[in-house]
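Please read the structure below before turning to the comments.
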Amino acid sequence: MRRAAILSLLLVLAPTAVSQTAKASLPDPVRFVIKYDIAWNVVRAVLTDLGFAIELEDRKGGRLVTRPLEYITGSLTSSELDKIASKNNTVSGSWIKAQYVVDGLLEIVSPTVTLVTVRTRIEALNRDLDGTEKWIPVESLGVLEKRILGKISVKIVGNEMQFDKKGFWNKTPQPVESGRPKPFPTRPPD
């Protein structure tokens, strides 16, 4: 009887233990109170600053697509890929490298409001046990999209967060005294 209860408990809890993988959290489109042309130039500038080469530039259609950018290569590919995407765990073999393409979509809401959406397509190169290699699409978790939208927001808002340079216990830093070390204090004669 006890074994049957334990077995049924394991059968109930097994699906929840398997589903503990990271879930995709793609960011919503961001609404900026700026003209379309300015938003277009900012999105394009951010993508080129991040090292992307623009492959498709459809200004009237509101779409920017980059060429693939290599994200990671080597022995840490699998663990680094887990940080930005969810892999298909049924694939055997080893992960060699990963790359991603950014798709920026801009929509005019009004003459002074633009909606910006960023999506990525991530692929990983998998080498099977027999040596065959295949690019496999993986599902983005939204990390890269949030990072790119954050950089776009900083450029549009125009100011980065400034931190006060406070030292220990919110005191201003004091300069270090230069010179020779002070001798040990001596006791005054009694």
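Any read-out appearing in this document is the output of simple, stated calculations on the displayed coordinates, not a laboratory observation. No experiment lies behind these values; they were computed from the predicted model shown. Ideal geometry is used to build each Cβ from the backbone, glycine not excepted, and the neighbour counts take in all protein chains shown.
Stretching Thr132 away from Asp49 to a fully extended chain increases their span by 26.4 nm, per 0.36 nm per residue minus the current alpha-carbon distance. When the listed pairs Lys60/Lys83; Lys83/Lys155; Lys97/Lys155; Lys83/Lys134; Lys87/Lys155; Lys83/Lys151 are checked against a 23 Å cut-off, the alpha-carbon distance exceeds it for Lys60/Lys83; Lys83/Lys155; Lys97/Lys155; Lys87/Lys155. Could you pull out which residues in region 46-78 have an amide N less than 17 Å from a spot 7 Å beyond the Cα of Ile38, following the Cα-Cβ vector? Once the point is set 7 Å along Cα→Cβ of Ile38, 46 turn out to lie under 17 Å by backbone N, inside region 46-78. Given +1 at the Cβ of Lys and Arg, -1 at the Cβ of Asp and Glu and no other charges, the dipole of region 22-156 around its Cα centre is 420 debye to the nearest 20. Residues whose amide H lies under 5 Å from that of Ile96, counting only those 5 or more places away or on a different chain, are Leu125, Asn126, Arg127; hydrogens are built 1.01 Å from N in the peptide plane.
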